[in-house]
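Read the structure below first, then the notes.
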C-alpha cells in the first residue's frame, strides 16, 4: 500500500458544495438549478471513478488540508472501503437527481431550491465521510451531514414533519456528542486518530471496563445513524421527508455513513484483535441480531409502504453491522458488499414507493391492489429489488448474504446464522403481500393512470438493473467485490 | 483571647464594620440603605489598608533630617497613596449609584426593593 | 517604538472617551466617529502587538520611567495581547453595527453613550495590559463603572438592574482589594512579576491563602461564576442592544482574564490545583453554572434574556478550562474566550437587528415571515447557534474539543459528561428559536410576504441596512475561519501563553 498526494479527493468532496451557491442563485430558473445539481453529480461521480484504477492497484490517494487541531490533520484518504461508499453515494446521487426532478415537479413541492441545496451539502458531507483519513475529519463531516439533513427532514413543514425533525435532531445530536467524547478519549489513549486497518487501538492497554465504555460511546455515536436498536426510532419518523430523501439519504447516504462508521470503528479503530479480546464483538452481534429480527417483525406490522421500507432498512443495516461484528474475512467481505447491494436494492424500492405516491397518491399497502397492471415497470423493478433483499439469486443481495452466512460459519456463530435465515423468511413475508396485491389482485380504480414520468421510471429501472448486474458480475465497472475482499484482508491482516 | 483582641483591636473593628456593611447590603430593603451598607464595606477596606500602614512610633512619612531615611521610623506611605486612589474609585461608584437611585425614584416613585419589584411588573 | 503600543492601547480609548463629548458638542455624529476611529486604531495596534509578541516575546513599559519596583509597569505578553486583540476587534465590529442602532434605541443619549463606551474599553484594555495588581483594580472599577452606566441606559427597568449590578460588582471589587492587601503585606510589592517571584517562598502562609481566596471570590463575582451570577441576566436583558452586544462578549471574560493572570502567572497552576482546592472548586462551580445557565436559558421567552443565561453557561466553559488547570484545558478556555466573543456578539447583534426590524425580540412571537424579511440576519443567527451547540467545523466545536481533551487528560469524566449535556441543552434552546424563525407559519396578516414571486434583493438594504448587516455576516464568516484556523491560532498564539 502506497499513498500519494492528489487533490482529487478534495475536489470530489467540494464539487457539490460549490454547486450550492449556483443552485441558490438560480432560484427562479428551475431548469438551470437542476442542471447544476446534475452537473455536480456527474462531475463528482467522474472524480470518484477516476480514483478507482489507483485504489484497485493498491495505492491510496491522500490529501491533507490543514491542521485542524495540533497534530491532527483535516485529511482525506481514499482507501478501498471509502471508495466503495464514495462510489455508491455519488453514483446513486445522479439517479436520485433525475428522480428528484420528476418527484418534486410532479408533486408541486415548495422550497425546491432549499431542497436541492441541502441535498448537495449532504452529498459533500457523505463523500467527506467516505474519504476521511482520520476520526476527527470523519466526525466533522458526520456532524455536517446531521445538520444538512435537517432541512430535508422538515421539508414539508407540517406539524408531523417538524416533530420528526425534532426527534431526528435529538437522536443525531446526542450521537454526535457521544462520538466527540469517544474521539477525544481515543485521542488521549492512542495519541492519534488515523484509521489504521486492523485497529488503531491494537496494543493500547485498556481496562475491560473502559474498553467497553469506549466501545459503547462509539456505538452510540455511529449507531444512531446506523439505525441499530434501541436507537433506531428516528429513522421511521424521518420518513415524513420527501421520498427522494428517504431513497438516497435514508437508504444510502445517512444510514450508510452510520454503518460505514461501525465498520470503521470495528475494523480501523478497535481492530478485530481488541474487539475479540474484550468480547466487544459479542455485544455487537447481540445488538445487530436483535435489530435484524425485531425490525423485520415491525416491518410486518406496518401497512404504510414507506414505513415498512424504513423498518426493512433498519433490519438490513444491521446485516452490515453483524457482518463486521463476526470478525471474520467472509464477514467483512459480506458486510462491505452489502453496503453496495442494499443501496441499489433499497433505493429502487423507495423510488417505486415515491413513484406510486406521486402518480397515484397511494401510500398504504392495502390500496395497492392491481397496481402492477397500471405501472408494470415500476412494480417490476419493485419485485426485482424485493427479491434481492430477500436474498434470491442472482441478485446482488444474494451474494452479500451468502458471504455473511459464510462469515457466521467461519466465526462459529450458529445463532447468527439462524438469525440470518429467519430474517430471510421474514423478508419474504413482508414483501410478498405487496407483490401479490400488485399483480394478482384486480385493479379497483377507474382511471387509467399508466406509468409515472420517465424522470422517475428510468432511474428506478436502472437501479434495479444495476442490482441484477452486480449480482451476476460483482466486479462489473468498479470491482466492488475485489474492493470488499481487499478491505476484509486489510482489516484481518491476511 | 483578650490579648488577641487587644493586639489587633483595630482589625476587629474593621471586621465589624465590614459585617455591618454586608448586613446592610443583604438585608435592607431600601436602596439608599443598601448603598450606605456598600459604602461602609468600602470604607472598612480602606481603613484596613490604612491600619496596616501604622508602625509603632512611626512618624508622618516625610523624611525628618534628624532621623534620616530609616524605613522603620515612618508609617508606610504606599498604602495611603493607594487608598487615595481607592477613595476616588469609591466616590465614583457612589456617584453612579446615586444617579441610578435618582433615576429609579423618578421612574417608580419608590426606593423600597419589594415595592419596586411589584411596580416593575 | 513598539514598547509604546502597550500604553497606547488604553490611552487611545481614554483619549477617545474624553474627546467624544468635545467633538459631540461640535457635531452630534462626530462623537461616534471619534470612538470608532480610536477603536480601529487600537485594533490595528493590538493585532500588530499580538503578532510582535508572538515572535519577539513580551514587551514591557515602565510608566514615567520609574523602575517596576516603584512605579507601574505595563506588560504586553502573549496573554494580554490576545485579550487586547479580542476586545478591540470585537468592539470595532460592534461599534460599526451601533451607528444606526444607537440613535434608535438611545435617542438623545448618543454622545454620553459613546463617551462611556470609550471609557469601558479603556478600562477593559487597561486591565489586560497592566502589570500591577492594584492598577488592575483601578481599571477593573473603571470598566465596571462604565458598565453600570451603559446598563442603566436601557429600557425602563434598566436602572434597577444596573443598581443591583453595581452593588454586587462593588462588593466583588472590595473583596479583590482586601485580597490584594494580604498579598501586599506578605510580598511587599504590587508588581505581578515581582510578586510571582516572591510568592513561592511563602505559599503556606495563611495570609497568602486567604488573600488568593478573596481575590478569586471578588473576580468570581465580576465573572458571574455560578452561583455569583445573580446580577447578569437582568443587566444584559434590560440594557440597550448595542450595550449588550458590547458588554456580553467581553465584560465577564475580562474577570476570567484576571483569574488566569493571578492564578497561573502570579501564582502557579500547581499551587492552585494541587496544593489548594481552588481550581477544583472553580471547575465544579463552572460545571454547575454550565448546566444551570443552559436549563434557565431553555425556560426563557425573550431572546436577549436567553442569550444572557447562555452567557452564564458559556462563562462556565471558560471557568471549567481554568479549573482543569492543565494545558489543554487552559487552551480550551482561552480559545473559548475568542470563540464565545465572536458567537455572543453575533447573536446579540441579531437580537438588535430583530428589535430594529420587527420591534421586539420575543421568541414566542417569532415566525417564519422572518426568513423572508431578514434572511441574512437569520442566517447569521443560525451559524452562531450552530457554533454555540458545537457543531464542527464552527469555532464552538473546537473549544469544546480542547476542553474535552483537557478533562479526559485529567480523568475528570464528569466534566466530559457536562460538556456533552450542555451541548444538547444548547441545541434545545437554539433549535427552539431556529424552528420558529424558519418553520412556524406566520399569522395570516403576513402571508403576503410568502409570495414566492415577490422581488427579492439578494443582499441588503431590504433587511436592516448595511451597517447592521455587515457586522453580522463578518462575524458569521469569522466563526468558520476561527474554526478552520484553530490549530494555527493555538500553535501561534495560545501555546506561548500557557504557563504550564
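Observations, loosely collected:
- No other residue among B:26, B:84 is modelled with pLDDT of 85 or more, facing another protein chain (nearest Cβ under 10 Å), surrounded by fewer than 13 Cβ atoms within 10 Å (Cβ to Cβ) and under 20 Å from the mean Cα position of the chain (by Cα) apart from B:26.
- Annotation: of all residues in the range A:224-233 being in contact (Cβ under 8 Å) with a residue 60 or more places away in the chain and crowded, with 24+ Cβ neighbours inside 10 Å, the one that is nearest to residue A:289 (Cα to Cα) is A:228.
- Residue check for residue A:141: within 14 Å of another protein chain (Cβ to nearest Cβ), farther than 30 Å from residue A:106 by Cα and part of a helix (DSSP H, G or I): yes
- Hey, residue A:48 surrounded by 21 or more Cβ atoms within 10 Å (Cβ to Cβ), more than 19 Å from residue A:101 (Cα to Cα) and out of contact with any strand residue (DSSP E or B) (no Cβ under 9 Å at 6 or more places or on another chain) or not: yes
- The range A:61-73, subset within 18 Å of residue A:196 (Cβ to Cβ) and in contact with a helix residue (DSSP H, G or I) (Cβ under 6 Å, 6 or more places away or on another chain), residue nearest to the other protein chains (Cβ to nearest Cβ): A:72
- Some residue of the range B:30-46 being within 14 Å of chain C (Cβ to nearest Cβ), free of Cβ contacts under 8 Å to residues at least 60 places away in the same chain, loosely packed, with under 13 Cβ neighbours inside 10 Å and within 20 Å of residue B:87 (Cα to Cα): no
- Taken together, the residues in the range A:344-376 that are at pLDDT 85 or above and over 17 Å from residue A:100 (Cα atoms) amount to 1.
- Looking only at the range A:151-167, and only at residues there that are buried (at least 23 other Cβ atoms within 10 Å of the Cβ) and facing chain C (nearest Cβ under 10 Å), the one that is farthest from residue C:368 (Cα to Cα): A:165
- Hey, residue B:111 in contact with a strand residue (DSSP E or B) (Cβ under 6 Å, 6 or more places away or on another chain), closer than 22 Å to residue C:148 by Cβ, in contact (Cβ under 8 Å) with a residue 12 or more places away in the chain and crowded, with 17+ Cβ neighbours inside 10 Å or not: yes
- The residue list C:406, C:396 contains one member that is within 11 Å of chain A (Cβ to nearest Cβ), in a helix (DSSP H, G or I) and buried (at least 24 other Cβ atoms within 10 Å of the Cβ), which is C:406.
- Residues of the range B:65-81 that turn out to be touching a helix residue (DSSP H, G or I) at 6+ places or on another chain (Cβ under 8 Å) and surrounded by fewer than 13 Cβ atoms within 10 Å (Cβ to Cβ), as a count: 2
- From A:331, A:354, residue being over 16 Å from the mean Cα position of the chain (by Cα), buried (at least 24 other Cβ atoms within 10 Å of the Cβ) and under 20 Å from residue A:479 (Cα atoms): A:331
- As a summary of the residue check, residue C:346 satisfies the conditions (1) crowded, with 19+ Cβ neighbours inside 10 Å; (2) over 20 Å from the mean Cα position of the chain (by Cα); (3) more than 14 Å from chain A (Cβ to nearest Cβ) except for the one numbered (2).
- Selection within the range C:304-336: residues that are part of a helix (DSSP H, G or I) and surrounded by fewer than 24 Cβ atoms within 10 Å (Cβ to Cβ). The member of this set that is modelled with the highest pLDDT is C:305.
- Counted as qualifying within the range C:118-203 are the helices (runs of 4 or more DSSP H) with 2 or more residues that are in contact with a helix residue (DSSP H, G or I) (Cβ under 7 Å, 6 or more places away or on another chain) and facing chain B (nearest Cβ under 10 Å), namely C:133-152, C:158-187.
- Taken together, the criteria exclude residue C:106 from residues that are more than 11 Å from chain B (Cβ to nearest Cβ), in contact (Cβ under 8 Å) with a residue 12 or more places away in the chain and under 17 Å from residue C:255 (Cβ atoms).
- Test: residue in the range A:38-50 that is over 23 Å from the mean Cα position of the chain (by Cα) and without any contact (Cβ under 8 Å) to a residue 24 or more places away in the chain: no
The values are calculated or read from the model by the stated rules, or taken from the named source; none is laboratory data. Everything numeric in this text was worked out from a predicted model, so none of it was measured. We place every Cβ from the backbone using ideal geometry, glycine too, and count neighbours over all the protein chains shown.
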